[in-house]
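Here's the structure, in structure tokens; my notes come after.
The values are calculated or read from the model by the stated rules, or taken from the named source; none is laboratory data. No experiment lies behind these values; they were computed from the predicted model shown. Note that each Cβ is placed from the backbone with ideal geometry, even for glycine, and that neighbours are counted across all protein chains shown.
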Amino acid sequence: MQRHIITPRHQWQHAVEKLGFGFHTHPIAYWDESTAYSFSMNEIVALEKATSTLWDMCLSAVQHIIDEERYTQLSVPTTAIHLIEKSWQEDHPSIYGRFDLCYKNNEIKLLEFNADTPTSLFEAGIVQWFWLKDIDANKDQFNSIHEKLIDYWKYLKNYLHNDTLYFTCLKETLEDLTNTEYLRDCAIQAGLRTELIFIDDIGWDAAQSRFVDEAGNTIKNIFKLYPWEWLLTDEFGRNITLDAQRTFWIEPAWKMLLSNKGILPILWELYPNHPLLLPAYFNPEPLQQYVKKPMLSREGANVQLFDGNHTIAATEGMYGKEGFIYQDLCTLPDFNGNYPVIGSWVIGQEPAGIGIREANQLITNNESRFVPHYIVD
């Protein structure tokens with residue numbers, strides 16, 4: 001794994017905007033093609049194998065949580081338990097997930113699992129691929145995200161109600177809309193009938209106990225780019241338990257267990273000393289150097305790095321009321337003050353590719369840059 005300083009494409013902004021990538025520099029510089037990372041094929045094989053192994057371990061952890069009813073430990077609301085267990089027992093499929101990995105000194109370590117929202121999926125699957133084809137069409141990437149998404153939507157069609165598949169996200173959030181529309185485009189290519197509806201515009205017909213669109217049509221299938229924990233605390237989201245139509249939700253409710261950072265100490269408990277895992281606990285006592293993470297934080301918010309009683313780094317945010325986990329401190333590799341984290345994607349149960357977020361600090365957050373990669377022989 002090496003970091004390279006390279007020359008950006010002429011008028012690269014126009015090139016990425018043609019792809020529908022409108023948030024490359026707003027509100028701050030996000031897409032950065034003045035830098036790229038190269039990987040050997042052996043490193044790519046190692047990342048692919050690690051991703052597959054971690055996914056299998058996570059599925060076993062879900063079964064363990066359900067069997068042992070460890071919901072309270074993860075601050076899972078009581079109203080969600082039935083939804084989780086039902087979606088798991090009925091084998092509702094998962095489309096995607098992103099493992100955030102530290103790759104340093106030839107070791108791969110899981111930092112966390114982003115299991116419920118597809119942040120950076122479009123950049124990883126599309127934008128960096130077209131970048132590579134422009135700079136060197138003979139080079140390759142660890143990237144089959146787009147093809148696997150289309151194939152898995154075809155597979156998922158058999159689970160859906162025979163009706164329109166709605167796609168939803170918040171209004172006035174360009175990044176969310178871009179990722180939602182990208183997934184929707186993949187579903188269209190897979191032959192599904194789709195509609196876009198903003199989550200603010202989804203209605204509830206109390207008389208017939210059903211979700212409806214703005215025209216009053218029943219919503220029977222829906223993909224949401226909106227975290228489950230937010231959905232279930234919304235007034236409208238609580239109607240999911242009353243839904244007479246049994247709307248099919250994507251991602252499934254059981255992904256709540258994997259998007260919760262409480263999965264990290266449970267994985268360590270189930271697989272102690274596994275080479276892909278870092279020691280993690282629900283209290284800090286066993287650790288000297290550690291990271292304190294809210295169970296439900298996103299984009300690096302409210303994370304603190306400690307060396308004993310000394311704080312090394314910290315971020316602010318709105319999370320923490322749900323509780324914390326404590327993970328052994330594993331600092332990211334340092335490339336002259338640039339710290340990359342590898343986001344390795346699972347699409348339809350299979351490893352599918354990577355995207356890299358780079359920061360000028362030890363904590364990756366919403367201001368970190370996305371940088372492309374390529375494979376060297």
* Look through the range 326-355, keep the residues that are β-branched (Val, Ile, Thr) and within 15 Å of residue 300 (Cα to Cα), and return whichever of them is surrounded by the most Cβ atoms within 10 Å (Cβ to Cβ). => 342
* Asked: Any idea how many residues of the range 37-69 are more than 19 Å from the chain's Cα centre (by Cα), assigned to a helix (DSSP H, G or I) and under 19 Å from residue 341 (Cβ atoms)?
  -> 3
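Can you pull out every residue in the range 165-192 that is among the aromatic types (Phe, Trp, Tyr) and farther than 16 Å from residue 222 by Cα?
So the first thing to find is which residues in the range 165-192 are among the aromatic types (Phe, Trp, Tyr), and the list is 166-167, 182.
Result: no residue meets the conditions.
Pull up the range 213-241, narrow it to residues that are hydroxyl-bearing (Ser, Thr, Tyr) and in contact with a strand residue (DSSP E or B) (Cβ under 9 Å, 6 or more places away or on another chain), then point me to the one that is nearest to residue 194 (Cα to Cα). Even if it seems obvious, please write down each step before you answer.
Within the range 213-241, the first condition is being hydroxyl-bearing (Ser, Thr, Tyr), and the residues that meet it are 218, 226, 233, 241.
Still in the list and also in contact with a strand residue (DSSP E or B) (Cβ under 9 Å, 6 or more places away or on another chain): 218, 226.
Details: 218: 13, 226: 18 Å.
Selected residue: 218.
Filter the range 13-36 down to the residues that are in a helix (DSSP H, G or I) and in contact (Cβ under 8 Å) with a residue 40 or more places away in the chain and list them by number. Lay out the reasoning, then the answer.
Applying the first criterion (in a helix (DSSP H, G or I)) to the range 13-36 yields 13-18.
Within the range 13-36, 15, 16 meet the criteria.
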* Structure fact -> When residue 371 is run through (1) hydrophobic (A, V, I, L, M, F, W, C); (2) within 14 Å of residue 100 (Cα to Cα); (3) touching an Asp or Glu at 6+ places or on another chain (Cβ under 8 Å), the failure sits at (2)
* Within the range 332-377, track down each residue that is modelled with pLDDT of 95 or more, among the hydrophobic types (A, V, I, L, M, F, W, C) and part of a loop (DSSP other than H, G, I, E, B). => 332, 335
* the range 188-209 residues that are on the phi > 0 side of the Ramachandran plot, paired with ones that are at pLDDT below 95 and in a loop (DSSP other than H, G, I, E, B) (beta carbon under 8 Å, 6 or more apart) -> 209/243; 209/244; 209/245
* Quick check: is even one residue across the range 318-338 touching a residue at least 24 places away in the same chain (Cβ under 8 Å), small (Gly, Ala, Ser) and on the phi < 0 side of the Ramachandran plot? -> no
* Return yes or no: is residue 142 surrounded by 17 or more Cβ atoms within 10 Å (Cβ to Cβ), among the hydrophobic types (A, V, I, L, M, F, W, C), at pLDDT 95 or above and over 22 Å from residue 353 (Cα atoms)? => no
* To do: List every residue pair whose Cβ atoms sit under 6 Å apart, with the two residues 6 or more apart in sequence or on different chains, where the first one lies in the range 303-315 and is over 17 Å from residue 261 (Cα atoms) and the second, anywhere, is hydroxyl-bearing (Ser, Thr, Tyr) and part of a strand (DSSP E or B).
  => 306/290
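Please specify each residue of the range 178-198 satisfying the condition of being in a helix (DSSP H, G or I), closer than 21 Å to residue 23 by Cα and either small (Gly, Ala, Ser) or in contact with a Leu (Cβ under 8 Å, 6 or more places away or on another chain) (or both). Talk me through it step by step, then tell me what you get.
Residues of the range 178-198 in a helix (DSSP H, G or I): 178-189.
Right, trim to closer than 21 Å to residue 23 by Cα and you get 178-186.
Within the range 178-198, 179, 180, 181, 182, 183, 184, 186 meet the criteria.
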